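Enquirer: Shown below is the structure under consideration.
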Amino acid sequence: MKDYKKDFPLFDHYNGIYLDSAATAQRPAVVLEAITRFYQEENANPLRGLYDLSTLATERYASARKTVQHFIGADKSHEIIFTRNTTESLNLVAYSYGLSRLKPGDEILVSIAEHHSNLLPWRMVARKTGATIRYLECNADGSWPQDYFEKMITDKTALIAIAQVSNVFGRTNPIEKIARLAHEKGAVIVVDAAQSAPHQKIDVKALDIDFLAFSGHKLGGPMGIGVLYGKEEHLQEMPPFLRGGEMIEYVTRDSQTWAELPHKFEAGTVNASDAAGLEAAIHYLTSIGFDAVSAHEKELTDYTMEGMRDIYGLKLIGSDRAEEHSGILTFTLDGVHPHDIASILDADGIAIRAGHHCAGPLMQYMGVMSTARASLYLYNDKKDIEGFIKSLSEIRRKMGYDK
Amino acid sequence: MTNNTFYSQILLDHHMHPSYKEKIDDPTMVLEGQNPSCGDDIWLMVKMNGDVIEDAGFQGSGCAISQASVDMMLELVIGKTKKEALELSALFMRMIAGEAEGDELEDLEEAVALKDIAHMPARVKCAVLGWRTLNEMLEKI
């Protein structure tokens with residue numbers, strides 16, 4: 001197994017076992033260097049300065065945008081909008097597209113497994129426009145009933161909000177099919193790619209996605225930058241989300257004209273340093289290649305699932321096939337609250353997530369209050385998994401059970 | 001390794017074999033306490049005799065810390081006056097905030113087992129759920 005850990009400086013300082021990459025990934029050294037290099041060599045306010053240094057900063061920012069464009073297979077770089085994170089990207093679509101295009105009688109289809117950030121913005125849109133929310137209800141393992149989308153997507157459907165990969169199941173949803181059905185009915189699809197972008201090649205053209213959102217920090221980039229992809233035809237028609245500097249052409253006492261894409265949607269001084277960091281993260285990932293990333297994750301996931309099978313009272317949520325987990329292993333342990341699981345693992349230096357994973361409706365739908373989630377990435381290795389499984393197998397006894 | 005102190009035998013006993021996790025007869029007041037982010041959920045029942053907590057019990061579900069903490073709390077406050085219970089509650093809150101040390105903690109008896117929660121900010125709300133709910137009740141009674 002290839003050792004990627006050495007590329008990530010955190011592991012020079014942190015001796016624990018990090019299994020919370022679905023919350024945020026660690027950053028490779030090249031990302032930290034890119035951020036530092038920007039501030040040391042290229043820092044000026046991009047897009048407005050009439051001098052060399054500002055031009056350098058502007059070029060770095062534009063280069064990052066092109067890198068993102070190629071990363072997801074977009075046609076044009078101005079279809080890439082930089083935001084703070086996935087949540088802001090989704091809110092941008094909701095406030096701008098949602099509020100201006102939806103009307104009473106329209107239906108917004110939202111997957112029951114959505115993260116709150118791809119549910120609450122749409123609930124707001126529904127309340128303000130008179131549209132209604134309908135939930136798409138998956139099976140208990142995150143798969144979908146036969147011909148389900150054909151039934152649910154109708155002439156009333158105006159918008160479908162769904163994650164490409166659920167942050168609880170880790171399973172990849174059939175985005176291409178959902179997008180096709182949506183377009184047949186004149187609806188648009190908004191895809192939350194926060195959990196897919198770090199793990200698989202995305203091609204927005206092949207999938208025919210209208211809007212796609214992801215965060216830099218889950219794929220090894222900095223915390224402060226996210227991406228919204230939108231088809232040009234939509235973005236051109238949409239009103240601005242935030243108003244202020246950098247996003248206008250002319251402003252008079254009574255009127256203004258908006259700047260061209262993508263600047264119309266990037267009000268205020270932009271986050272060029274984090275864009276440079278994101279660019280470095282994407283270069284790092286693509287230099288390894290998603291085939292290698294997936295193979296590494298599959299091997300570790302198989303290894304984890306094998307260990308979990310021997311643990312009394314452990315129930316894994318989602319597919320029984322390792323390749324359908326995107327490195328996400330959500331589970332419960334009979335008789336032990338997930339927060340106790342997390343605290344006991346923490347005492348052994350193991351970091352996992354426990355709680356509702358920002359997916360309240362899904363937890364209620366599945367009839368659990370909360371779950372525990374271990375999520376892995378390319379820097380994890382078999383030693384990490386062995387430590388995790390050993391500690392996990394001792395929890396019930398530590399809590400006073402016989403086995 | 002904080003395992004030995006954090007999930008101590010005392011805490012586990014109160015979690016696995018609680019003494020007060022049952023309904024009581026003729027409660028003066030019943031109040032629900034929740035930690036929505038954890039799913040900790042308790043129903044606290046208190047029966048007053050004048051100013052004294054004559055009996056108390058609880059029902060609910062949640063993590064070991066939240067449930068054990070309620071059980072320890074009830075063991076401590078049954079038979080105490082409202083004023084004494086509120087003082088114990090204030091002391092417990094100070095202990096969890098890491099602001100109470102040494103001899104004064106003796107009054108909390110077994111609930112001292114939760115002292116180390118002060119170092120785990122994410123679990124503080126589990127430990128104080130019962131006390132917070134009791135406070136709210138006593139202030140209404």
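Enquirer: Of the conditions (1) in contact with a helix residue (DSSP H, G or I) (Cβ under 7 Å, 6 or more places away or on another chain); (2) surrounded by fewer than 20 Cβ atoms within 10 Å (Cβ to Cβ); (3) modelled with pLDDT of 95 or more, A:Leu333 clears all except one; give me its number.
Expert: Answer for A:Leu333: the failing condition is (2).
Enquirer: Does A:Ala213 qualify as being out of contact with any Phe, Trp or Tyr (no Cβ under 7 Å at 6 or more places or on another chain), in a strand (DSSP E or B) and under 20 Å from A:Val93 (Cβ atoms)? Break it down into steps so the answer makes sense when it comes.
Expert: Details: out of contact with any Phe, Trp or Tyr (no Cβ under 7 Å at 6 or more places or on another chain): yes; in a strand (DSSP E or B): yes; under 20 Å from A:Val93 (Cβ atoms): yes.
So A:Ala213 fits the description; yes.
Enquirer: Filter segment A:33-66 down to residues that are polar (S, T, N, Q) and not in a helix (DSSP H, G or I), then give me how many there are.
Expert: The first filter runs over segment A:33-66 and keeps only residues polar (S, T, N, Q), leaving A:36, A:40, A:43, A:45, A:54-55, A:58, A:63.
From the residues that got through so far, the ones that are not in a helix (DSSP H, G or I) too are A:43, A:45.
Residues flagged as polar (S, T, N, Q) and not in a helix (DSSP H, G or I) within segment A:33-66 amount to 2.
Listed here are the residues, each with its yes/no results for (1) at the interface with another protein chain (Cβ under 9 Å from one of its Cβ atoms); (2) at negative phi; (3) touching a Cys at 6+ places or on another chain (Cβ under 7 Å); (4) in a helix (DSSP H, G or I).
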residue: B:Glu22; (1), (2), (3), (4): no, yes, no, no
residue: B:Asp26; (1), (2), (3), (4): no, no, no, no
residue: B:Val30; (1), (2), (3), (4): no, yes, no, no
residue: B:Ser66; (1), (2), (3), (4): yes, yes, yes, yes
residue: B:Glu84; (1), (2), (3), (4): no, yes, no, yes
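Residues are listed down the side, and each one gets a yes or a no for (1) surrounded by 13 or more Cβ atoms within 10 Å (Cβ to Cβ); (2) under 19 Å from B:Val46 (Cα atoms); (3) away from chain A (no Cβ under 14 Å):
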| residue | (1), (2), (3) |
| --- | --- |
| B:Ala97 | no, no, yes |
| B:Glu109 | yes, no, yes |
| B:Ile117 | yes, no, no |
| B:Arg123 | yes, no, no |
| B:Glu136 | yes, yes, yes |
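Enquirer: Any chance you could count how many residues in segment B:38-56 are touching a strand residue (DSSP E or B) at 6+ places or on another chain (Cβ under 6 Å) and within 14 Å of chain A (Cβ to nearest Cβ)?
Expert: Going through segment B:38-56 one residue at a time, the tally reaches 2.
Enquirer: In this structure, is A:Asp12 within 28 Å of A:Gln200 (Cα to Cα) and free of Cβ contacts under 8 Å to residues at least 12 places away in the same chain? Step through it out loud before you land on a result.
Expert: Details: within 28 Å of A:Gln200 (Cα to Cα): yes; free of Cβ contacts under 8 Å to residues at least 12 places away in the same chain: yes.
In short, yes.
Enquirer: Might you check whether a residue that is among the charged types (D, E, K, R), away from every other protein chain (no Cβ under 14 Å) and closer than 30 Å to B:Ala127 by Cβ occurs anywhere in segment A:321-332? Break it down into steps so the answer makes sense when it comes.
Expert: Just the residues of segment A:321-332 that are among the charged types (D, E, K, R), to begin with: A:321, A:323-324.
Filter again for away from every other protein chain (no Cβ under 14 Å), leaving A:321, A:323-324.
Okay, now just the ones that are also closer than 30 Å to B:Ala127 by Cβ, so none.
Looking through segment A:321-332, none of the residues is among the charged types (D, E, K, R), away from every other protein chain (no Cβ under 14 Å) and closer than 30 Å to B:Ala127 by Cβ.
Enquirer: Here's another thing I want to ask about it. Taking only segment A:55-89 into account, find how many residues are surrounded by fewer than 16 Cβ atoms within 10 Å (Cβ to Cβ) and in contact with a Ser or Thr (Cβ under 7 Å, 6 or more places away or on another chain).
Expert: Residues in segment A:55-89 being surrounded by fewer than 16 Cβ atoms within 10 Å (Cβ to Cβ) and in contact with a Ser or Thr (Cβ under 7 Å, 6 or more places away or on another chain): 1 in total.
Enquirer: Would you confirm, using the coordinates I've provided, whether B:Ile78 is more than 25 Å from A:Ala372 (Cβ to Cβ), more than 14 Å from chain A (Cβ to nearest Cβ) and either at pLDDT 95 or above or touching a Cys at 6+ places or on another chain (Cβ under 6 Å) (or both)?
Expert: Numbers: more than 25 Å from A:Ala372 (Cβ to Cβ): yes; more than 14 Å from chain A (Cβ to nearest Cβ): yes; either at pLDDT 95 or above or touching a Cys at 6+ places or on another chain (Cβ under 6 Å) (or both): yes.
Yes.
Enquirer: Of the residues A:His356, A:His339, which is touching a strand residue (DSSP E or B) at 6+ places or on another chain (Cβ under 6 Å), within 14 Å of chain B (Cβ to nearest Cβ) and either over 27 Å from A:Gly289 (Cβ atoms) or modelled with pLDDT under 95 (or both)?
Expert: Details: A:His356 fails: touching a strand residue (DSSP E or B) at 6+ places or on another chain (Cβ under 6 Å).
From the options A:His356, A:His339, the qualifying one is A:His339.
Enquirer: Suppose we filter segment A:138-152 for residues that are crowded, with 18+ Cβ neighbours inside 10 Å and touching a residue at least 60 places away in the same chain (Cβ under 8 Å); how many remain?
Expert: Within segment A:138-152, the first condition is being crowded, with 18+ Cβ neighbours inside 10 Å, and the residues that meet it are A:138, A:142, A:144, A:149, A:152.
From what is left, the residues that are touching a residue at least 60 places away in the same chain (Cβ under 8 Å) are A:142.
Adding up the residues that qualify gives 1.
Enquirer: Evaluate the following for B:Met16: is it within 14 Å of chain A (Cβ to nearest Cβ), surrounded by fewer than 24 Cβ atoms within 10 Å (Cβ to Cβ) and in contact with a Phe, Trp or Tyr (Cβ under 9 Å, 6 or more places away or on another chain)?
Expert: Details: within 14 Å of chain A (Cβ to nearest Cβ): yes; surrounded by fewer than 24 Cβ atoms within 10 Å (Cβ to Cβ): yes; in contact with a Phe, Trp or Tyr (Cβ under 9 Å, 6 or more places away or on another chain): yes.
Spelling it out, B:Met16 is indeed within 14 Å of chain A (Cβ to nearest Cβ), surrounded by fewer than 24 Cβ atoms within 10 Å (Cβ to Cβ) and in contact with a Phe, Trp or Tyr (Cβ under 9 Å, 6 or more places away or on another chain).
Enquirer: Name the residue, out of A:Tyr377, A:Tyr365, that is of a type in the set (Ser, Thr, Tyr) and in a helix (DSSP H, G or I). Don't jump to the end; show me each part of the working.
Expert: On the way: A:Tyr377 fails: in a helix (DSSP H, G or I).
None of the other options fit; the residue is A:Tyr365.
Enquirer: Follow-up. From A:Ser393, A:Ser375, which residue is surrounded by fewer than 21 Cβ atoms within 10 Å (Cβ to Cβ) and more than 12 Å from every other protein chain (Cβ to nearest Cβ)? If you could, list the steps in order and put the result at the bottom.
Expert: Numbers: A:Ser375 fails: surrounded by fewer than 21 Cβ atoms within 10 Å (Cβ to Cβ).
Result: A:Ser393 is the single residue among A:Ser393, A:Ser375 that is surrounded by fewer than 21 Cβ atoms within 10 Å (Cβ to Cβ) and more than 12 Å from every other protein chain (Cβ to nearest Cβ).
Enquirer: Tell me the residue from B:Gln59, B:Gln34 that is within 14 Å of chain A (Cβ to nearest Cβ), assigned to a strand (DSSP E or B) and either under 17 Å from the mean Cα position of the chain (by Cα) or surrounded by 14 or more Cβ atoms within 10 Å (Cβ to Cβ) (or both), please. Talk me through it step by step, then tell me what you get.
Expert: Details: B:Gln59 fails: within 14 Å of chain A (Cβ to nearest Cβ).
The match here is B:Gln34.
Enquirer: Within segment B:41-48, does at least one residue satisfy the condition of being part of a strand (DSSP E or B) and basic (Lys, Arg)?
Expert: Yes, because at least one residue in segment B:41-48 is part of a strand (DSSP E or B) and basic (Lys, Arg).
Enquirer: Given the options A:Tyr284, A:Tyr312, name the one that is at pLDDT 95 or above and surrounded by fewer than 16 Cβ atoms within 10 Å (Cβ to Cβ). Reasoning before the result, please.
Expert: Numbers: A:Tyr284 fails: surrounded by fewer than 16 Cβ atoms within 10 Å (Cβ to Cβ).
After ruling out the rest, the residue left standing is A:Tyr312.
Enquirer: In addition: Among the residues of segment A:151-192, which ones are in a loop (DSSP other than H, G, I, E, B) and more than 16 Å from A:Ala359 (Cβ to Cβ)? Walk me through how you get there before you give the answer.
Expert: Within segment A:151-192, the first condition is being in a loop (DSSP other than H, G, I, E, B), and the residues that meet it are A:153-156, A:164, A:166-171, A:173-174, A:185-187.
Answer for segment A:151-192, where residues must be in a loop (DSSP other than H, G, I, E, B) and more than 16 Å from A:Ala359 (Cβ to Cβ): A:Ile153, A:Thr154, A:Asp155, A:Lys156, A:Pro174, A:Lys185, A:Gly186, A:Ala187.
Enquirer: Under the condition of being of a type in the set (S, T, N, Q) and part of a helix (DSSP H, G or I), which residue from segment A:292-327 is farthest from A:Ile385 (Cα to Cα)? Full working, then the answer.
Expert: Residues of segment A:292-327 of a type in the set (S, T, N, Q): A:294, A:301, A:304, A:319, A:326.
Applying the additional criterion that residues be part of a helix (DSSP H, G or I) yields A:294, A:301, A:304.
Working: A:Ser294: 17, A:Thr301: 9, A:Thr304: 6 Å.
The residue in question is A:Ser294.
The values are calculated or read from the model by the stated rules, or taken from the named source; none is laboratory data. Everything numeric here is computed off the predicted structure, so don't read it as measured data. All Cβ positions, even for glycine, are placed from backbone atoms using ideal geometry, and neighbour counts span all protein chains on display.
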